[in-house]
Amino acid sequence: MKRVEAVVSKDKLSAVVEALQKIGVGGITIFDAKGWGRASKMTRDSKKSPTSYEKFNVKSYVLTVVDDSIVDKVVSAILDTASTGSVGDGKIFIDNIDTAVDIGSGQKGVLAI
């Protein structure tokens, strides 16, 4: 199993969710996120000290755990819907998951996702 985490623009979230549903992803968790990276433009906050800089990009954070067999489809679906070809489109992170347990049913492994 793989955990796929994607940081995407808020305006692309609906398209990403729809694309993941179409390829059969069983569930996702979404967070509102703020952060900075290479695409960040630091701006001075005049309400604070003259040397204080504060700026965060507002993004959506999408998390899912999927069977290894569809991880490439998941990545492609996210890239196809979230990418504009510009710096700041986001990132995708993929981790191995040793096991998963469904709290309600007690099922383990792929059956839990």
*Arrange the following residues from fewest to most other Cβ atoms within 10 Å of their Cβ: Leu79, Leu20.*
Leu79, Leu20
*For the chain, what is the mean residue ellipticity at 222 nm derived from helices alone (per DSSP H run of n ≥ 4: -39500 (n - 2.57); sum divided by total residues; nearest 500 deg cm²/dmol)?*
-6000 deg cm²/dmol
*For the chain, with the dipole built from +1 on Lys and Arg beta-carbon atoms and -1 on Asp and Glu ones, taken about the Cα centre, which of Asn57, Thr84, Ile70 lies farthest toward the positive end?*
Asn57
*What is the spin-label model distance, in nm, from Ser105 to Asp32 if the labels are put 7 Å beyond Cα along the C-beta direction?*
3.3
*List the lysines whose alpha-carbon lies under 16 Å from that of Lys34, not counting same-chain residues fewer than 8 positions away?*
Lys10, Lys12, Lys55, Lys59, Lys91
*Exposed loop chymotrypsin sites (Phe, Trp or Tyr not before Pro) only (DSSP loop, at most 13 other Cβ atoms within 10 Å): please give the longest stretch of the chain free of them, not including the sites.*
57-113
*If you add up the charges near Asp32, with Lys and Arg at +1 and Asp and Glu at -1, over every other residue whose beta carbon is less than 10 angstrom from its beta carbon, what do you get?*
+3
*Gain in span if fully extended, Ile92 to Leu79, counting 0.36 nm per residue against the direct Cα distance*: 3.8 nm
*Given charges at beta-carbon only (K, R positive; D, E negative), |dipole| of the chain in Debye*: 680
*Average projection area in nm² (convex hull over Cα atoms of the chain, one quarter of hull surface)*: 9.0
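Taken together, the values in this text are just the output of simple stated rules run on the coordinates, not laboratory data. All of these numbers come straight from a predicted model, not from anything done at the bench. We place every Cβ from the backbone using ideal geometry, glycine too, and count neighbours over all the protein chains shown.
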